[in-house]
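Structure record follows, encoded as structure tokens.
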Amino acid sequence: MAYIYTNGDRYIPLKDLEDNLVDLDDYCFDVDELMAFPVAELCNKGYITEMSCSGHAIASPHFKPYENESDLLEIQRNNVERIFADLPFESEARCACIIEDPDPVSGAFIIFKKQICFSQIPKGWSYKGRKLSIDIELTNNPLTYYRRIAEQLETLVEWIQTLQDAT
């Protein structure tokens, strides 16, 4: 996770917000770390984004609370392939951990706030509606995916650097 700070004129990618004593919520938005620089560069050229994702080769957990054993059995029945563990915490809450997304996001995308007519798009990418995207095949080795996505994000940044400022 990274952040993009804006003062209204400039967008600046930040690794984190540290222990800042100032509330920056009105001036920052979060973004996948691999997308921070490309998104900031697009915004600085006037191509304002609404959402982005760098793709995720590794699944995420989801904690589903339950109150009694029959609730847990129901969770287990509905999530047989995805159940990870029953996690009784040292509190009143009891949760089952489920692998949220058995099919991780296999590609990167950027959604712009408005439709833009680009004369060309980065090689390997597609643009439909307001969404610029690329699909990357997931393999059994997540590092292969991240290497491929990094190469495509490098192509994206090279393309962004050729764009004229939006009018």
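The values are calculated or read from the model by the stated rules, or taken from the named source; none is laboratory data. Computed from a predicted structure; not experimentally measured. Cβ atoms come from the backbone with ideal geometry, glycine included; neighbour counts cover every protein chain shown.
What strands (runs of 3 or more DSSP E) lie completely within the range 1-52 and have 1 or more residues being out of contact with any Phe, Trp or Tyr (no Cβ under 8 Å at 6 or more places or on another chain) and either within 17 Å of I149 (Cβ to Cβ) or modelled with pLDDT under 95 (or both)?
Details: elements: 2-6, 11-14, 28-31.
It comes to 2-6.
Out of everything in the range 108-128 that is under 19 Å from the mean Cα position of the chain (by Cα) and either part of a loop (DSSP other than H, G, I, E, B) or outside the structural domain of S52 (by TED's automatic domain parsing) (or both), what residue ends up being farthest from H56 (Cα to Cα)?
Among residues in the range 108-128 that are under 19 Å from the mean Cα position of the chain (by Cα) and either part of a loop (DSSP other than H, G, I, E, B) or outside the structural domain of S52 (by TED's automatic domain parsing) (or both), the one farthest from H56 (Cα to Cα) is K113.
If I ask for residues that are under 16 Å from P38 (Cα atoms) and either touching a helix residue (DSSP H, G or I) at 6+ places or on another chain (Cβ under 6 Å) or not in a helix (DSSP H, G or I) (or both), which ones from the range 131-152 would you list?
Those that are under 16 Å from P38 (Cα atoms) and either touching a helix residue (DSSP H, G or I) at 6+ places or on another chain (Cβ under 6 Å) or not in a helix (DSSP H, G or I) (or both): K131, L132, S133, I134.
Tell me the residue from A96, A85 that is over 18 Å from L153 (Cα atoms), surrounded by 15 or more Cβ atoms within 10 Å (Cβ to Cβ) and at pLDDT below 85, please. Can you show your working first?
Values: A85 fails: surrounded by 15 or more Cβ atoms within 10 Å (Cβ to Cβ).
Sole residue among the options that is over 18 Å from L153 (Cα atoms), surrounded by 15 or more Cβ atoms within 10 Å (Cβ to Cβ) and at pLDDT below 85: A96.
Identify, by number, the condition in (1) without any contact (Cβ under 8 Å) to a residue 40 or more places away in the chain; (2) assigned to a helix (DSSP H, G or I); (3) surrounded by fewer than 17 Cβ atoms within 10 Å (Cβ to Cβ) that V157 doesn't meet.
V157 satisfies all of (1) without any contact (Cβ under 8 Å) to a residue 40 or more places away in the chain; (2) assigned to a helix (DSSP H, G or I); (3) surrounded by fewer than 17 Cβ atoms within 10 Å (Cβ to Cβ) except (1).
Filter the range 121-163 for residues that are in contact with a strand residue (DSSP E or B) (Cβ under 6 Å, 6 or more places away or on another chain) and on the phi > 0 side of the Ramachandran plot and give the result.
G124
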